Amino acid sequence: MRGWAAITSVLIFAACARPPAPLTEFHDPEHGFTVRYPPGWALPIRRGEAVWFVPPDRAPEAGEFILVVTRPADAQLDDAAIRRAVFEQLSIHGVSGFQQDARTTPRVRWYKFEVTGSSGGAEWASVGAVSAGDARYHLIVCAKPLAQWRDGQKQCDQVVKTFQPGPLQ
């Protein structure tokens, strides 16, 4: 009898669980990239080469953000230059992975990474990607406060996975 009660409880809980809200799509007319971000987040905040997406009533320094940076490149960047580009952009404390991504082609190199860092006193964990061509590169990072990372990583993985770069050649 207890087994049936447990199964019934699990089924009721599963039926009540909501799937995550679909992400909102944004296409940047200036740099040509397309990024998806959580519904209700603020419209993009531009700071030079950077475009930030943050929850309502928050600043990019709050530890929960999506960041897309577009920069020119004189030629195709090598591995070391791509790593430097990421490390120079963010206040990084630790790296748990930085590797070439399966999306790499002869014309566009893709890298994915996982890093921890801090901004404005808030510590965060993040996933990100770099897409680099001969003329420019994009860096995308999705970060959540450390306390929210366990639940937030799936959303960040989806944001980074669905990122589409603009022209890179």
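Only the coordinates and a few stated rules stand behind these numbers; no lab work does. Computed from a predicted model, the values in this text were never measured in an experiment. Neighbour counts are summed over all protein chains in view; Cβ atoms, including those assigned to glycine, are modelled from backbone coordinates with ideal geometry.
Once the Cα-Cα distance is subtracted from the 0.36 nm per residue extended length, the residue 71 to residue 57 segment shows a gain of 2.3 nm.
Provide 70, 105 in ascending order of the number of other Cβ atoms located within 10 Å of each residue's Cβ, fewest first. Taking fewest neighbouring Cβ atoms as first place, the list is 105, 70. Listed from fewest to most Cβ neighbours within 10 Å, the set 34, 116 follows the order 34, 116. The length gained on full extension between residue 104 and residue 28, counted as 0.36 nm times the residue separation minus their Cα-Cα distance, comes to 25.1 nm. Temperature 10 °C, viscosity 1.306 mPa s: under these conditions the Stokes-Einstein estimate for the range 44-128, based on its Kirkwood radius over C-alpha pairs, is 113 µm² per second. Magnitude of the charge dipole for the chain, about its Cα centre and with charges confined to Cβ atoms of Lys, Arg (+1) and Asp, Glu (-1), is about 480 debye. Highest mobility in the GNM of the chain, judged by mean-square fluctuation with C-alpha springs under 10 Å and restricted to 84, 36, 46, is found for 84. Using bins of 10 Å that start at zero, the share of Cα-Cα pairs per bin across the chain amounts to 10, 37, 31, 12, 7, 3, 1, 0, in whole %.
Using Cα springs under 10 Å in a Gaussian network model of the chain, which residue among 129, 143, 59 shows the largest mean-square fluctuation? Checking each option, the largest mean-square fluctuation is seen for 59. Among 43, 90, sorting on how many other beta-carbon atoms sit within 10 Å of each Cβ, with the fewest leading, yields 43, 90. Considering only alpha-carbon pairs that sit under 8 angstrom and 6 or more positions apart, the relative contact order computed for the chain is 21 percent. Among 29, 145, 44, the residue with the largest mean-square fluctuation in a Gaussian network model of the chain, with springs joining Cα atoms closer than 10 Å, is 29.
Placing unit charges on the Cβ atoms of the charged side chains and taking the dipole of the range 22-161 about its Cα centre, the candidate lying farthest along the positive direction among 120, 148, 42 is 148. Under the simplified labelling scheme, the residue 80-residue 123 pair shows an inter-label distance of 3.1 nm, with each label point 7 Å from Cα along Cα→Cβ.
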